[in-house]
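One structure is given here, and the rest of the page talks about it.
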Amino acid sequence: MTIGHARGRDAKVTLSVALTTTTTTTTATTATATKRSSGSSSSQRTSLIPPRWESSVRTVGMSECREAALSLAHAFAGDAYAQYLVDDADPSPPASVPPPPSGESSAEDRWKLHVDIMTYAVAAHCLNGLVTTIGPDYDSVALWLPPGRDLDGWWTTLRSGMWRLYFQLSAEGRRRYYDEILPLLHDTKEQVLGSSRSRSAWYLVYLGTKPNSQGRGYARRLLEDMIQRADAENRPMYLESSALANNAYYEKFGFEVKRDVELRRGAVPVRLSIMVREPQPPHQPQLIERKVAAVASHHHTTTTNTTNTKNRTNKIQLVKMG
């Protein structure tokens, strides 16, 4: 009895330990499963950025001007033409005028002016042109001036804020922009395309991709989107390129250099290459496919008619033989 009772206590102790171990294991397993479920839920969270923005070209509205302008500002931060606009150093100052102080503050001022110029340009094209972008964070942006449009109207100048530029530029900056750049670009476009074609062309004013977004094909998609439209409308495309590397890039899409012009008010002249792309017909393979389909359809119709004629002849012969 004593031995049996002792065994009963041992059995109870063993059962208690087993239950405790099982409970602990179950709790640990439940905690691990909960943690895994929580981690899985976190990894499956979706972003609020529309997925199609990564691969689809979209139009930018006035409410997005600042974001698009910042992207262009970063894309053109090292561009010679952009720097020419904000560099206010007089190429031949009077000897009595001391040179302006240089330092971090002047660099910041130039950057702010650069961003403002891009903001005004984006806003003006949103109002009377076309702004397209691609990428989740306005990674690549293009400013287009459609056929028959211009940015000279007072309403566009007022709404876009472009009127502020006159007061933000230095005296030398105003001479560069209003007396040199604007007349030169306007006259060159008229000379290269002619008066009537100048008004009927698609004008690419800016196309830039942020440095950390380059190499993903964003600029190519923006170009191809408008090239398809220009070809469908049978219209030429026009642009000014500020770098030789850009010339080689645009030539891949059918643009040709027509002439070079120079901005000469700086210490080093800035060269701009005038490039034009003529409208092109649909690709030849598509035309060949349509011709093959037409020939096949004609052959099928001819064969069917011949077969029907033979059947009718055979029926007539059978009737005659009968």
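The values are calculated or read from the model by the stated rules, or taken from the named source; none is laboratory data. Only a predicted model underlies this, so the values are computations on that prediction, with no experimental measurement involved. A quick note on method: Cβ atoms are made from the backbone with ideal geometry, for glycine too, and the neighbour counts reach across all protein chains shown.
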Output the number of the condition that ILE134 fails; it satisfies all remaining conditions of (1) of a type in the set (A, V, I, L, M); (2) closer than 25 Å to ILE274 by Cα; (3) buried (at least 19 other Cβ atoms within 10 Å of the Cβ).
-> (2)
Hey, ALA219 hits all of (1) farther than 25 Å from ALA77 by Cβ; (2) touching a Leu at 6+ places or on another chain (Cβ under 7 Å); (3) not polar (S, T, N, Q) but one; which does it fall short on?
-> (1)
Has segment 168-183 got at least one residue that is in a helix (DSSP H, G or I), in contact with a Phe, Trp or Tyr (Cβ under 7 Å, 6 or more places away or on another chain), surrounded by fewer than 17 Cβ atoms within 10 Å (Cβ to Cβ) and at pLDDT 95 or above?
-> yes
Is at least one residue of segment 63-81 of a type in the set (S, T, N, Q) and either modelled with pLDDT under 95 or outside the structural domain of PRO236 (by TED's automatic domain parsing) (or both)?
-> no
Qualifying position, being part of a loop (DSSP other than H, G, I, E, B) and either of a type in the set (Asp, Glu) or assigned by TED's automatic domain parsing to the domain that holds THR133 (or both), among VAL268, VAL257 = VAL268
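Does GLU240 meet the test of being in contact (Cβ under 8 Å) with a residue 12 or more places away in the chain and part of a helix (DSSP H, G or I)?
No: the conditions fail for GLU240.
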